[in-house]
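K.L.:
I am attaching a structure below and will ask some questions about it afterwards.
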Amino acid sequence: MSNKDTRVVNIGRVKIGGGNPVAIQSMTNTPTEDAKATIKQILDLEAAGCEIIRCTVPTMEAAKAISEIKKNIHIPLVADIHFDYRLAIAAMENGVDKVRINPGNIGSIDKVRAVVEKAKEYKVPIRIGVNSGSLDQETLKKYGRVTAEALVESAFKEISVLESLDFHDIVISIKSSDVMTCIKAYELFSKQSDYPLHIGVTESGTVFSGSIKSSVGLGILLHENIGDTLRVSLTDDPVLEIRAAKLLLKALGLRKGGIEVVSCPTCGRTKIDLIPLAKKVEDMVAGYDLDIKVAVMGCVVNGPGEGREADLGICGGDGVGILFKKGQILRKVPEDQIFAELKKELDSFTIKAP
């Protein structure tokens, strides 16, 4: 659950803050103007477990495409706006559920006021997105470099603009590509404000490096009860962001559901080709809506114990595998049949599951 002491903000049908579950977000990488391609990607993300989706809105054509996109998806849609206040207004008029802006780069106070008035009219919250690449020059000059304190000060400057216009339906993100700076900034901010927080490590990298950096940064923050919604930013298919986020939340005990795969790191005792098998199993189980544990173990030392603790599992031998289910040995199968037999048992598990 998220921090119960933060304010509740409604993003379409999804509530964040105030102790509501931490919501998983991602961002499309299709041209938003191409509504068909964007809809397809969002539906894929929905199937993976995405709960809030953000699209860039760099043109008026993209803002108008929001209407068609909204008709064909089932999760709240956030418009990412920079510089042109008219795009924010058009996105709201076309049905977007939240806008992400930095008041400082929208322009004059009159332009910001126009956005705020439209947000009030349509009951659309605003996310202020501060990151290490968007610090205003005055703050950057004051601190000499990007620091956690500079990021927080910048966030409060942006907040003060919206509050001066009597707007308080606000979500905050304070991101940095440096994990420790990111953590410290969120920690500092959360001590001074009750606005709900969108947490993430920006520009974290590819699946390998990005998942590690995000797990460290977001894991620490969530363990400290900081964060109401999150995005694991990866340079790859956005569906992988959702898979990483779900695993992160489950590892922290903040989510249930979905199959957990445990597998051994392999050693010289392993007599089957376990590494590709484990990867294949991990990809396969993503399509099952079951709250169970599946073990893929390589040898007789740890395999039998782990296999018996799992709801379903295999333990490798010399070119064979022992199939377990609920602590009971089912049968021995040749190595080339292990995956098919495991899937057969998983399908059977699905049928019998309540």
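K.L.:
Per-residue ellipticity at 222 nm for the chain, helices alone: DSSP H runs ≥ 4 residues times -39500 (n - 2.57), over residue total, nearest 500 deg cm²/dmol?
P.N.:
For the chain, the value works out to -13500 deg cm²/dmol.
K.L.:
Using a basic spin-label model with each label point 7 Å from the Cα along Cα→Cβ, how many nm lie between Lys123 and Asp283?
P.N.:
4.5
K.L.:
Restricting to the chain, what percent of DSSP beta bridges are antiparallel, rounded to 5?
P.N.:
Antiparallel bridges make up about 30 percent of those DSSP assigns within the chain.
K.L.:
Which of the trypsin sites (Lys or Arg not before Pro) found in region 124-175 are loop residues per DSSP with 10 or fewer other Cβ atoms within 10 Å of their Cβ?
P.N.:
Numbers: sites: Arg127, Lys141, Lys142, Arg145, Lys157, Lys175; in loops: Arg145.
Here the trypsin sites (Lys or Arg not before Pro) that fit, given the DSSP loop and packing criteria, are Arg145.
K.L.:
State the extension gain, in nm to one decimal, for the chain segment bounded by Asp34 and Asp347, taking 0.36 nm per residue of separation less the distance between their alpha-carbons.
P.N.:
109.0 nm
K.L.:
Please list log₁₀ I(q)/I(0) at q = 0.07, 0.08, 0.11, 0.15 Å⁻¹ for the chain, using the Debye equation with identical point scatterers on the alpha-carbon positions.
P.N.:
-0.36, -0.46, -0.78, -1.20
K.L.:
Keeping all protein chains in place, calculate the accessible area per residue for region 232-341 (probe 1.4 angstrom), answer in Å². The partial results should precede the final answer.
P.N.:
Details: 5550 Å² over 110 residues.
Counting only protein heavy atoms, the per-residue value for region 232-341 is 50 Å².
K.L.:
I need the fraction of alpha carbon pairs in region 26-109 separated by more than 22 Å, rounded to a whole percent.
P.N.:
18
K.L.:
Moving to a separate point now. Test of understanding: what is the full-extension gain from Arg269 to Glu224, defined as 0.36 nm times their sequence separation minus their Cα-Cα distance?
P.N.:
Answer, rounded to one decimal: 12.2 nm.
K.L.:
Now a separate question. What does the charge count around Ser211 come to, taking other residues whose C-beta lies under 15 Å from its C-beta (Lys +1, Arg +1, Asp -1, Glu -1)? Write down the numbers at each step before the final one.
P.N.:
Working: positive: Lys213, Arg231, Arg243, Lys246, Lys250, Lys279; negative: Glu203, Asp236, Asp237, Glu241, Glu282.
Around Ser211, the charge tally is +1.
K.L.:
Ordered by packing density, taken as the mean number of other Cβ atoms within 10 Å over each peptide's residues, highest first, how do 177-185, 114-122 rank?
P.N.:
The packing order, highest mean first, is 177-185, 114-122.
K.L.:
Need one number: % antiparallel among DSSP beta bridges in region 1-96, to the nearest 5.
P.N.:
Just about 30 percent of them are antiparallel.
K.L.:
Using a Gaussian network for the chain with springs between C-alpha atoms less than 10 Å apart, which of these wobbles most: Cys50, Cys267, Cys299?
P.N.:
Cys267
K.L.:
OK, next. For Lys4, which lysines qualify as cross-link partners when the Cα separation must be under 27 Å and same-chain residues fewer than eight apart are set aside?
P.N.:
Answer for Lys4, where 27 Å is the Cα cut-off: Lys15, Lys98, Lys120, Lys123, Lys157, Lys175, Lys184, Lys191, Lys213, Lys246, Lys250, Lys256, listed by chain and number.
The values are calculated or read from the model by the stated rules, or taken from the named source; none is laboratory data. Owing to the predicted nature of the structure, the values given are computational and were not obtained by experimental measurement. With ideal geometry, Cβ positions are generated from the backbone for all residues, glycine too; neighbour counts draw on all protein chains shown. Surface areas here come from the heavy atoms of the whole protein model, side chains and all, with no ligands, DNA or RNA. Shrake-Rupley method; radii C 1.70, N 1.55, O 1.52, S 1.80 Å.
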